[in-house]
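Here, each number is a calculation from the coordinates, and none is a lab measurement. This one's a predicted model, so the numbers in the text were calculated from it and none came from an experiment. All Cβ positions, glycine included, derive from the backbone under ideal geometry; neighbour counts span all protein chains shown.
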Amino acid sequence: MKLADVICSHCEAAGLEPQAEGAVCRYCGTANALTGVLCPRCDEVNPRGAEVCADCRQGLARTCPDCGLRQWAGVERCGQCGRALDALALSSGRWGRDPANRLNEQARSVAALKAHELADGERRSAEFAAIEARRQALLAEARHRRDAQQRIILMVLGGLTVGFIIFVGVLVVAAALGD
């Protein structure tokens, strides 16, 4: 598993950065202990006691040229005699570019992602607005049909009522004349 995929113990975000004694979360800054040996070249977290990286086959331990102490390949100074080890070669080989360029690339990718998400959000909002406009038009059309049907029903009922009144009036007049 790559160090960038390891979950922070504090904020539960994926994305740890290597430090001398483990790793630190790039989002909240919390120090995290690693469960294995970190490859100084490719950031693969290997099982404890591994001699070479499972991903890039880089050696995970090296021996100090002065005192002979065997230690992690990513240390800058020997833990026993304090001799400075080749930190510049280690860092430049590990990143392949300077940290400023790496941070600028990350900033550009974040800006591109934000722009993409904003465009997607605007597109979804436009789709929802179009759906709502169609819904409102269909509701207005349904109201218009219902009102027309109600007018027809009222005219028919009105006509029947007038016809019934005339019929009753004729019966009353006929009854009055027949007596």
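Other residues within the sphere of radius under 13 Å centred on the Cβ of residue 6, judged by their own Cβ, net out at -3 (K and R +1, D and E -1). Using Cβ point charges alone (K and R +1, D and E -1), the dipole size of the chain about the Cα centre works out to roughly 200 debye. In units of the rule-of-thumb radius 2.2 N^0.38 Å, the chain shows an alpha carbon radius of gyration of 2.60. Projected onto the charge dipole of the chain (+1 at Lys/Arg Cβ, -1 at Asp/Glu Cβ, origin at the Cα centre), which of 178, 1, 34 gives the Cα projection farthest towards the positive end? Sorting the options by dipole projection puts first 1. May I ask for the angle, rounded to the nearest 10°, between helix 99-178 and the longest principal axis of the chain, with both axes built from Cα atoms and the value confined to 0 to 90°? Here the helix axis deviates by roughly 10 degrees. Modelled spin labels at residue 101 and residue 113, positioned 7 Å past Cα toward Cβ, are 2.2 nm from each other. Modelled spin-label separation between residue 143 and residue 167, with each label point placed 7 Å from Cα along the Cα-to-Cβ direction: 3.8 nm.
Taking amide H atoms as placed 1.01 Å from N in the peptide plane, the amide H of residue 52 lies under 5 Å from those of 60, each 5 or more residues away in sequence or on another chain.
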